[in-house]
Amino acid sequence: WSEDLLTVAQSQLGYEQSEKNFELDSDDGRTVRHYTRYGQWYGNPYGEWDVMFLSYCLNYAGIPQSAIPQRAGVLALRSELRGKGYLVDFDDGMSLEDIMPGDIVLYNTTTTETVAVDDTPAAVEDDSPDADIALLSMDSTDAAPQTEEQAVTIETVGIVSDVDYDAGTLTVISGDVDGKVAEVSLSASQVSSLISVASAQAIAESGADTMESGSGLDI
C-alpha cells in the first residue's frame, strides 16, 4: 500500500489548480476557492483540496476506506482514525525513525490564501437634491473581484516521499501548496501526527478492526 500510494502521489506532482475557474467560499464570502480535479472527483469541485488530494491518491492506490477513510478535511480524517490505533501523535512517543516513505503525516505549515477585497468606495452622505440622480447614473460592472493574498497557518497532510534520519527532516508530497501539488521539506517539529500505512495494511490483512492496545507501531 505504501509503495502504491507514493507512486500515485508522485504521478500528480506539478498539477495546478485552475486560476480562471473559481468561486468565493460559501461560508465567509471572501476566500477564493479554485476548481481542481481532486475536488471534482470528490464531489466538491471548489472545496479546499489538500485533504481531497490525499483521498484521491488513496482511492487510486486501491487502499480501502475501511482501512484509511477518504475525507475532505483534517478534522474528519483525524476523528475517524483516532480509534484505529495507527494514528499516532508526535507528542505520544513518536519519533522520526517511525516514519517511512509512503506513510501519511499531518503537519503544521504556513500557506497563502487568496481573498476578495471589497473595493466599494466608502459611502458619502449627500442630502442635496441631485444625490439620487447621481447615484442612478453610475455605471454598473460585473468585473471579477479585486483580490489579495494573506498568509495563514494550517494543519494539512502529506504523503512521505523521503526521510533524512541524520538531518531530522522529511519530504512529503502535498496538495494545495500555494495552488499546486508539490514536494515540501519539513522539520520533525512541524509534524503533528503519523498515519502508518504499513500498520493500516497489517491490521486489514489480519482481519482486526484496530491495532491491539500497547502494540505501538510494531507490525
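The values are calculated or read from the model by the stated rules, or taken from the named source; none is laboratory data. In this text, all values refer to a predicted model and were calculated from it rather than measured experimentally. Reconstructed Cβ throughout: ideal geometry from the backbone, glycine too, with neighbour counts over all protein chains shown. Remember, those area values only see protein heavy atoms, side chains included, never the ligands or the DNA or RNA. Shrake-Rupley method; radii C 1.70, N 1.55, O 1.52, S 1.80 Å.
Before moving on, here are some points about what is shown:
- Solvent-accessible area of the range 21-69 (1.4 angstrom probe, protein heavy atoms only): carbon and sulfur portion equals 40 percent.
- Each of T169 and M100 was given a label point 7 Å from its Cα along the Cα-to-Cβ line. The distance between the two points is 2.4 nm.
- Residue-wise HN-Hα coupling along the range 6-17, computed from phi with Karplus coefficients 6.51, -1.76, 1.60 (Hz; x: Gly, Pro): 5, 4, 5, 4, 5, 5, 9, 4, x, 4, 10, 5
- Long-range Cα-Cα pairs in the range 146-204 (distance over 18 Å), rounded percent: 47
- Taking GluC sites (Glu not before Pro) across the range 1-95, the ones in a DSSP loop with at most 13 further Cβ atoms lying within 10 angstrom of their Cβ are E19.
- Heavy-atom accessible area per residue - the range 1-65, 1.4 Å, Å²: 52
- Stretchable slack from A76 to D162, in nm (0.36 nm times residue separation minus alpha-carbon distance): 28.3 nm
- Rough spin-label spacing in nm, given labels placed 7 Å along Cα→Cβ, for S187 and E155: 2.0
- Note on E16 and Q40: their simple-model spin labels are 1.7 nm apart, each label 7 Å out from Cα toward Cβ.
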